[in-house]
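Inspection log for the structure reproduced underneath, given as structure tokens.
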Amino acid sequence: MPRLGDATRGRILYGGDYNPEQWPEETWHEDVRLMRAAGVNSVTVGVFSWAKLEPRPGQRDFAWLDRLMDLVHEHGIGVVLATPTASPPPWLGHLHPDTLPVDQDGRTEWWGGRQHFSHSSATYRRHAAAITEDLAARYAGHPALTMWHINNEYCTYDYGDEAAARFRRWLGNRYGTLDALNTAWGTAFWSQGYGDWDEVMPPRHAHYLKNPTQVLDFRRFTSDMLLECYTAERDIVRRHTPDLPVTTNFMPLWSGQDAWRWAEEEDVVSVDLYPDPRDPLGAQHGALVQDMTRSQARGPWMLMEQAAGAVNWRGANHPKPRGLNRLWSLQAVARGADAVCYFQWRQSRQGAEKFHSAMVGHAGEQGRTHQEVRQLGADLAKIGPHTAGTHVGAGIAVLHDWHSWWAGDQDGRPSTRFDYPDVLHAWHRALWEAHLTTDFAHPEHDLTPYRVVVVPQLYALTDAAIDNLLAHVRRGGTLVCGFLTGVADEDDRIRPGGIDARLRQLFGIRTLHEWWPLETDETAVCDGFRGTLWSEEIEPDGTADETVPYKGGELDGLPAVLRKGRAWYVSTLPEPDALRDLLARICADAGVRPALAGLPAGVEAVRRGDLLFLLNHGRDPVTVGVPGTHRDLLTEATVTDRVTLGRHGVAVLAP
Ligand code: GAL
């Protein structure tokens, strides 16, 4: 099976989305000159080129792309070639309105933007397959071609009639009979029982709360339909170029796609990452997405898109201050990326993204952002041969599952004062601030590589997942579970007792009497810390080895935290410092230590292969103790016992 290493060949891929169709051909020559000067070795071409490649139905115009592929190849730059199917040309929707998606309120999503395709439309799928087939046939064997990029950020929903028909077929496969569907969906509630498959609908606009299992299944279905679109195109390009890797770019922690499942269908896992430069926790968000992508890839992965400066879709779009683009790019490499790419190479002069930064911005070659892009190219060339293909080790796994997220984050739940990603971020932040490197894993994955398994919140767990957690503890592993875990099964049916009985026994809980959600500005006082978001009225069964009680209020004296052996249950979200300290202690007890001892706050340390990355997220210079003698691959200096990192500074230390 082809891998990222087949494209990187011992380097870090550096480059980005390149949209030459927006520019006269003279500019292409300027582009390749600048690319070479910046150390760019890879461009992603064709992401939005459908109208240019197929200007009228069935016509093909590959001449411009032939010239472009030849040109970049002459300059030693590889091409990640995209199938253009994320943005069909206007003629497709005009001739075939059935290719357009319909939202839950029955509104058509028209052309004029992008991603206006129905994943369920047979007509769309046919046209997408045809252009993919011809593109793959044309460029198979072209020496510039290194990898395939299918579509772009698959993310569409469709509630229309063709989607409804496919939804019924999908449900038929899942449940076999309507009786089984009625049971799974709990349709005895509110008189929802189905007597005929034709009555079953996507969860379209409704007067009041929708059936939660119908919504859950529709999310599963949507992820599966988009995946069918992906695999159909993947199989076409694979037939033409069996030795080239295939990817599609994920949006980070996006709710619409079960990325665990998708990653199994990719040769290379890639992600688009746009932390807000003003967000004090931007680096931690980046680390979370990078850890998750690495875990999906089970090794090196590709940063397919990031911004060199500002994006154009926040309220106020802040540029990256000097050094931040380099810092966050090297952070991705530290956490396993073997490709650092951007949206996009040259900033557009027209269109919806003309205010979005690029590797060459409106300021041109002399612009600060471009100059920093050049410096980064030189840095990546230095470290690439040392990082390519190497792994990041982690003794901790944070468990995450899209199906549980889909089941848990619905209307009609006990509290809407938080969303699942907030909780996931809070737990990852605690580990990040404790300088502990973590993987992510699916609750049914093999957990034997990990000493510590952290479950921030898995509201819905299958029996197999619960068995997996129990087996981890039986093997001597440490388990830490946050609140609202093990509450429901995979049909979103509440487990008797409000938490699965086996988990209650594991933690030493006799009865979970009530959930006590907290208001946004409210905290629950516990012995030694404050809890946020949530609290629980738990009656312990007397078998716990250690408890930390709530103090005062309705829950006074009841356990906020329980530990029984190596199994911990945390019934609130401790404030950041408290959660960090708790996890640091638990991990230390389990023998899992930070990448480097005595790190100052704001400095991130990650080990990748035999390299130690040190990243200063602070604005002030800082000195870090690094016992022994090392070689800094960036400065080529020898470092003995300590190294000073400037504002946003990075050191990559080799033994
Ligand atoms: C991504 C997308 C790119 C571009 C970018 C802007 O979501 O894949 O095409 O739109 O965002 O930030």
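Derivation of every value follows stated rules applied to the coordinates shown; laboratory data play no part. Note that the structure is predicted; figures quoted are calculated from it, not measured. Counting neighbours? That spans all protein chains shown, and the Cβs are built from the backbone with ideal geometry, glycine included.
Taking the Cα centre of the chain as the origin, how large is its charge dipole in debye, to the nearest 20, when only Lys and Arg (+1) and Asp and Glu (-1) carry charge on their Cβ atoms?
Numbers: 65 positive and 86 negative charges, 358 e Å.
That gives the chain a dipole magnitude of about 1720 debye.
Please compute the net charge surrounding I383, taking Lys and Arg as +1 and Asp and Glu as -1 over other residues with Cβ under 13 Å from its Cβ.
Values: positive: R11, R326, K382, R608, R631; negative: D338, D379, D610, D632, E636.
Cβ neighbours under 13 Å give a net charge of 0.
If you take the alpha carbon radius of gyration of region 41-268 and divide it by 2.2 N^0.38 Å, what ratio comes out, to two decimals?
On the way: Rg = 19.6 Å, N = 228, 2.2 N^0.38 = 17.3 Å.
Normalised Rg, Cα atoms only: 1.13.
Taking θ as phi - 60°, what are the ³J(HN,Hα) couplings along region 398-403 by the Karplus curve (6.51, -1.76, 1.60), each to the nearest whole Hz, with x for Gly and Pro?
9, 8, 8, 8, 5, 5
Place a point 7 Å from Cα of R114 in the direction of its Cβ. Which residues in region 315-338 have their backbone N less than 14 Å from it?
No residue qualifies, since no backbone N sits under 14 Å from the label point.
At 0.36 nm per residue, minus the direct Cα-Cα distance, what do T623 and K382 gain on full extension? Give it in nm, one decimal, please.
Numbers: separation 241, 0.36 × 241 = 86.76 nm, distance 2.31 nm.
Contour length minus the Cα-Cα distance gives 84.5 nm.
With r defined as the distance between the Cβ atoms of Q104 and A316 and R0 fixed at 41 Å, what FRET efficiency is calculated, to the nearest 0.05?
0.85
Distance from the Cα centre of region 385-412 to that of region 598-625, in angstrom?
Computed from Cα coordinates, the inter-centre distance equals 23 Å.
Tell me which lysines have Cα within less than 21 Å of K52's Cα, excluding those fewer than 8 residues away on the same chain?
K354
Whole angstrom only: what separates the Cα centroid of region 216-249 from the Cα centroid of region 333-357?
Region 216-249 and region 333-357 have Cα centres separated by 23 Å.
How many nm is it between the label spots at D409 and D235, if each spot is 7 Å from the Cα in line with the beta carbon?
Label at D409, label at D235, 3.1 nm between them.
May I ask you to derive the FRET efficiency for R417 and D6 from their Cβ-Cβ distance with R0 = 56 Å, giving the value to the nearest 0.05?
Values: r = 47 Å, r/R0 = 0.84.
Rounded to the nearest 0.05, the efficiency is 0.75.
Equivalent ellipsoid semi-axes for region 473-623, as square roots of 5 times the alpha carbon gyration tensor eigenvalues: give them largest first, rounded to whole Å.
Working: eigenvalues 209, 77, 44 Å².
Sorted largest first and rounded, they come to 32, 20, 15 Å.
Counting Lys and Arg as +1 and Asp and Glu as -1, what is the net charge of the other residues whose Cβ lies under 15 Å from the Cβ of G591?
On the way: positive: R451, R475, R566, R585, R593; negative: D589.
Spelling it out: positives minus negatives among the neighbours equals +4.
Order these by the 10 Å Cβ neighbour count, fewest first: C229, C341. Write out the running numbers ahead of the final one.
Details: C229 24, C341 29.
Neighbour counts put them in this order, fewest first: C229, C341.
Give me E372, E444 sorted ascending by neighbouring Cβ count inside 10 Å, so fewest comes first.
Details: E372 21, E444 17.
Ordered from fewest to most neighbouring Cβ atoms within 10 Å, E372, E444 come out as E444, E372.
Per the Cauchy relation, a quarter of the hull surface: what is the mean projected area of the convex hull of the alpha carbons in the chain, in nm²?
Seen from a random direction, the Cα hull of the chain projects 29.1 nm² on average.
Could you give the length gained on full extension between T177 and A471, defined as 0.36 nm per residue of separation minus the Cα-Cα distance, in nm? It would help to have the intermediate numbers written out before the result.
Numbers: separation 294, 0.36 × 294 = 105.84 nm, distance 3.38 nm.
Contour length minus Cα-Cα distance gives 102.5 nm.
More than 17 angstrom separation, counting every C-alpha pair in region 603-654; what % is that?
Numbers: 332 of 1326 pairs.
When all Cα pairs of region 603-654 are counted, 25 percent exceed 17 Å.
Rank P385, I538, A524 by how far each Cα sits towards the positive end of the charge dipole of the chain (+1 on Lys, Arg Cβ; -1 on Asp, Glu Cβ) and give me just the farthest.
After comparing all options, I get P385.
In region 567-655, with Lys and Arg counted as +1 and Asp and Glu as -1 at Cβ, which of these residues, F613, L633, V650, has the Cα nearest the positive end of the dipole, that is, farthest along it?
It is L633.
Would you compute, from DSSP H runs of 4+ residues alone, the mean residue ellipticity of the chain at 222 nm, taking -39500 (n - 2.57) per run and dividing by the full residue count, rounded to the nearest 500? Walk me through the numbers on the way to the answer.
Numbers: 18 runs with 217 residues, N = 655.
Helix contribution divided over all residues of the chain: -10500 deg cm²/dmol.
Most exposed first by the Cβ proxy, i.e. fewest other Cβ within 10 Å, how do M304, M225 rank? Let's see the in-between values first.
Working: M304 30, M225 22.
Arranged by neighbour count, lowest to highest, M304, M225 become M225, M304.
What is the spin-label model distance, in nm, from A597 to K354 if the labels are put 7 Å beyond Cα along the C-beta direction?
5.9
Let me spell out the model: positive unit charges on the Cβ of Lys and Arg, negative unit charges on the Cβ of Asp and Glu, origin at the Cα centre of region 338-469. What dipole size does that give, in debye rounded to 20?
On the way: 10 positive and 16 negative charges, 160 e Å.
So the magnitude is around 760 debye.
Count charges around D463 for me, please; just the other residues with Cβ under 11 Å from its Cβ, Lys/Arg as +1, Asp/Glu as -1.
Details: positive: R495, R502; negative: E444, D467, D489, E490, D500.
Neighbourhood net charge equals -3.
Using square roots of five times the C-alpha gyration tensor eigenvalues, list the equivalent-ellipsoid semi-axes of region 113-242 in whole Å, biggest first. Mind dumping the intermediate values first?
Working: eigenvalues 272, 40, 27 Å².
For region 113-242, the ellipsoid semi-axes come out as 37, 14, 12 Å.
Any idea what the relative contact order of region 396-589 is, in percent, if you count C-alpha pairs under 8 Å spaced at least 6 apart? Before the final figure, lay out the partial values.
On the way: 391 pairs, mean separation 40.9, N = 194.
With pairs under 8 Å counted, the relative contact order is 21 percent.
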